[in-house]
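Working notes, structure below.
Each reported figure results from applying straightforward, stated rules to the coordinates on display, with no laboratory input. Values in this document were obtained by computation on a predicted structure and should not be read as measured data. Glycine gets a Cβ as well: all are built from the backbone with ideal geometry, and neighbour counts include every protein chain shown.
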Amino acid sequence: DRQIKIDGHRIELSGIDHLLRAHSLVRDAVTLPEISGAVVRLVSLVVLVTGGSEADLAELGRALAESFPTYHRPQEIIAVDALPLNANGKIDRQRLAELLRLHRPPKSASSACSLRSKIADIWSELL
C-alpha cells in the first residue's frame, strides 16, 4: 500500500506512477514522499525513453496537471538513467533516497551562512 496523506488528502502514489508510465515519453517511474519536518513534498523519478530534456519534463508536468488536482501532483519530476532494482527485479525503495540525493546539488554551508548574514543585516537595520 503506497498511500500517503498530505494536508488531509489521501494520495495513492501508484496512481501517479501509473499515469506517468502510460505517457509515451516514460519507460518507468516511481513517486515518493520527501519529508522535511512537517512538510511533505512529492517527487517523481522517471526513466525517459529518450535522453530527456526540460521540455520533456514540462510535458509530463502538464499531463499530470490535466489528470490530478494540485495537491495530488509531484512538486518535482527528475529524469534518471535507471531506477534501482533489488534481487527480485522490483524497485529498491531503500536505494531511492540515495538516488534522489545524487540528483540534488548539496546544500553548502556557505549558503546557510549567507542567509543567516542577510537575516542578521535586516534585523540590525530594523532595530
The chain: angle of helix 13-22 to the longest principal axis, Cα-based, in degrees nearest 10: 60
Simple label model, 7 Å out from Cα along Cβ direction - SER36 to LEU126, nm: 2.2
Folded to 0 to 90 degrees: helix 54-67 orientation relative to the chain principal axis, Cα: 80
Cα-based convex hull volume of the chain per residue, rounded to whole Å³: 163
